[in-house]
Amino acid sequence: MIQRIVYFPSLRKLLLRAGSNSASSKIGTNNCFASQPSPLRSHSDDEYADVDWDSLGFGLMTTDYMYITKCCEGQNFGQGQLSRYGNIELSPSAGVLNYGQGLFEGTKAYRKENGGLLLFRPEENAIRMKIGAERMCMASPSIDNFVDALKQTVLANKRWVPPPGKGSLYLRPLLLGTGPVLGLAPAPQYTFLIFASPVRNYFKEGSAPLNLYVEENFDRASSRGTGNVKTISNYAPVLMAQIQAKKRGFSDVLYLDSATKKNLEEVSSCNIFIAKGKCISTPATNGTILSGITRKSVIEIARDHGYQVLLSYIYVATT
């Protein structure tokens with residue numbers, strides 16, 4: 001079955017406006033880094049990386065620095081350090097390689113017209129990682145450490161933040177079970193790291209409508225599983241359905257609930273909203289759906305602007 005999903009540009013504008021006005025998302029000017037294995041190169045505030053910003057897409061473009069810190073099971077993460085972007089070393093018996101004990105987050109930094117930098121609700125990503133870490137039996141950074149690490153990473157890679165209106169600096173925090181383990185058990189050591197890449201629109205269609213393929217043969221998540229946390233093991237299983245959909249000319253896959261195959265749940269890479277007039281519907285987070293920060297923000301902003309938001313099952317006919 002083919003379902004056309006119409007993009008809702010007015011909510012996007014409200015969302016970006018809210019992010020620009022959020023006091024908690026401002027990045028300070030004090031650039032106090034922990035000790036690094038090599039000194040940070042100094043760049044002037046008005047210097048940009050050598051990038052064709054008008055041709056920017058959503059792909060990996062490695063930047064200068066990444067943030068990394070480690071801790072053992074039962075301990076707390078301390079202050080990490082910035083180092084040059086590069087490969088990391090893992091034991092073949094690392095928990096993340098053998099049992100998929102890993103989480104990731106995704107957030108962005110934006111450049112204001114006056115040159116200032118903004119993060120969009122980074123504390124929400126920190127909270128979601130802590131919830132996911134508890135579910136996956138992992139140590140996790142505190143909310144303050146998480147947000148501070150994001151700020152350090154952005155400031156170290158400031159020249160890679162696109163000019164206003166040209167995109168954003170995508171930040172990918174990773175929490176990995178890197179300690180060696182053989183039997184099925186939590187890893188004895190964990191690594192928290194953040195790398196960054198300048199990006200523009202995730203979908204090549206930009207703000208144009210997307211064609212989504214409604215998938216009936218594969219499930220994204222099942223009841224009482226891990227669909228509600230951002231574990232790395234949730235994403236590789238969707239690749240087959242996504243590749244098949246794109247070969248048919250679709251933008252992405254829209255999944256149905258695994259129990260009845262009658263209700264919309266999520267797209268491979270994001271939550272979904274159905275808008276009609278001043279009413280917006282989105283599936284409730286019932287254990288199989290990721291509680292997205294963008295989702296939460298859209299709901300809050302829409303209600304503030306007089307929209308009725310329904311959190312419920314969205315029935316779809318598949319015959």
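Computed over the Cα atoms of the stretch 110-177, the ratio of the radius of gyration to the Kirkwood radius (Rg/Rh) comes to 1.04. Of all aspartates and glutamates in the structure, those lying under 14 Å Cα to Cα from Lys261, and not within fewer than 8 positions of it along the same chain, are Glu215, Glu216, Asp219. Near Lys108, the amide H atoms lying under 5 Å from its own belong to Phe120, Leu171; only residues 5 or more places off or on other chains count, and H is placed 1.01 Å from N.
Distance from the alpha carbon centroid of the stretch 164-219 to that of the stretch 89-122 works out to 8 angstrom.
Listed cross-link partners Lys246/Lys278; Lys70/Lys158; Lys151/Lys276; Lys112/Lys204 are compared with a 28 Å cut-off, the Cα-Cα value being larger for Lys246/Lys278; Lys151/Lys276. The value given for the stretch 58-199 is a Kirkwood hydrodynamic radius of 15.5 Å, derived from the mean inverse Cα-Cα separation. Summing +1 for each Lys or Arg and -1 for each Asp or Glu among the other residues whose beta-carbon sits under 11 angstrom from that of Trp53 gives 0.
Among Trp160, Trp53, the ranking by other beta carbons within 10 Å of each residue's beta carbon, starting with the fewest, stands as Trp53, Trp160.
No lab work stands behind these numbers, since they all come straight from the coordinates. Nothing here was measured: the structure is a model prediction, and the numbers come from that model. All Cβ positions, even for glycine, are placed from backbone atoms using ideal geometry, and neighbour counts span all protein chains on display.
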